[in-house]
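The values are calculated or read from the model by the stated rules, or taken from the named source; none is laboratory data. Here the structure is a predicted model, which is why all the values come from computation and not from measurement. Backbone-built Cβ (ideal geometry, glycine too); neighbour counts: all protein chains shown. Quick note on the areas: whole protein, heavy atoms, side chains included, nothing else; ligands and nucleic acids left out. Shrake-Rupley method; radii C 1.70, N 1.55, O 1.52, S 1.80 Å.
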Amino acid sequence: MALEMMILITYDVSLEDTGGAKRLRGVAKACENLGQRVQKSVFECILEPDQYVRLKNKLLSVIDQERDSIRIYHLGKNWERRVEHFGLTPRFEQEGTIIL
């Protein structure tokens, strides 16, 4: 089994043009398929390296790089020591594979 790592994906998709809503849905759907939404435009994903490459390529194919922005933070395999959460939403507790 390949080493799993946690990544944090944040995004800002411009809705000022006609394709913005479609791009926004595409980014959210790609992230939802492999992670958990923790804020409106923030996802935590526990991925194997090949899953990460596929997700990144999908996101880059959806966005307009002149209008939109995606930031990916690599928290690594020891992410549990690096994430603190306070408030309403429970922290990400993924055990095993997400089944769609």
Once you have the Cα-Cα distance between HIS74 and GLU48, take 0.36 nm times their residue separation minus that, and quote the gain in nm to one decimal. 8.1 nm
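When only DSSP loop residues count, what trypsin sites (Lys or Arg not before Pro) in segment 26-58 have their Cβ near at most 12 other Cβ atoms within 10 Å? Write down the numbers at each step before the final one.
Numbers: sites: LYS29, ARG37, LYS40, ARG54, LYS56, LYS58; in loops: LYS40.
For trypsin sites (Lys or Arg not before Pro) across segment 26-58 that sit outside H, G, I, E and B with at most 12 neighbouring Cβ atoms in 10 Å, the list reads LYS40.
All other residues with a Cβ under 11 Å from the Cβ of CYS45 taken together, and with Lys, Arg as +1 and Asp, Glu as -1, what is their net charge? Walk me through the numbers on the way to the answer.
Details: positive: ARG37, LYS56; negative: GLU4, GLU32, GLU44, GLU48.
So the environment of CYS45 carries a net charge of -2.
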Might you work out the accessible area of SER69 for me, using a 1.4 Å probe with all protein chains in place, and round it to the nearest 10 Å²? 50
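Using a 1.4 Å probe on the protein chains only, how many percent of the accessible area of segment 30-86 belongs to carbon and sulfur? Present the calculation step by step, with values, prior to reporting the outcome.
Values: 1710 of 3920 Å².
Ligands and nucleic acids excluded, carbon and sulfur reach 44 percent.
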May I ask you to list the GluC sites (Glu not before Pro) in segment 22-90 that are in a DSSP loop and have at most 14 other Cβ atoms within 10 Å of their Cβ? GLU66, GLU84
